[in-house]
1. Over the alpha carbons of region 26-109, what is the largest minus smallest coordinate on each principal axis, giving the biggest first in Å?
2. For region 26-109, calculate the relative contact order in percent as a whole number, restricting contacts to Cα pairs under 8 Å that are 6 or more residues apart.
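Just so it is clear, none of the values below were taken in a lab; they were calculated from the coordinates. Small disclaimer: the values here were computed from a predicted structure and weren't measured.
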């Protein structure tokens, strides 16, 4: 945009103020993949915060309850994938759940 001979350029973040552009990456696996049989350590990704790892989610994860409705023992899936090997890697494991009571909350509560 030009105004009285002054040009404003809005380029990539790496070009403005010498700030590096945030790294955009698509996770290879998400928590939904874990509920469908992938190993949890395959879905763990480092975050932008040093020492904080995450397991990304996806919008399609909202349908997981209906996808697993007929699976026996479905409330124990998360507990099984949080094995001792994973637990020993971390001081804390925080499981973020929806505010509504549903099967995803049961999964989290069964992980103790």
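1. Computed over region 26-109, the largest-to-smallest principal extents equal 38, 27, 25 Å.
2. Once divided by the residue count of region 26-109, the mean separation gives 25 percent.
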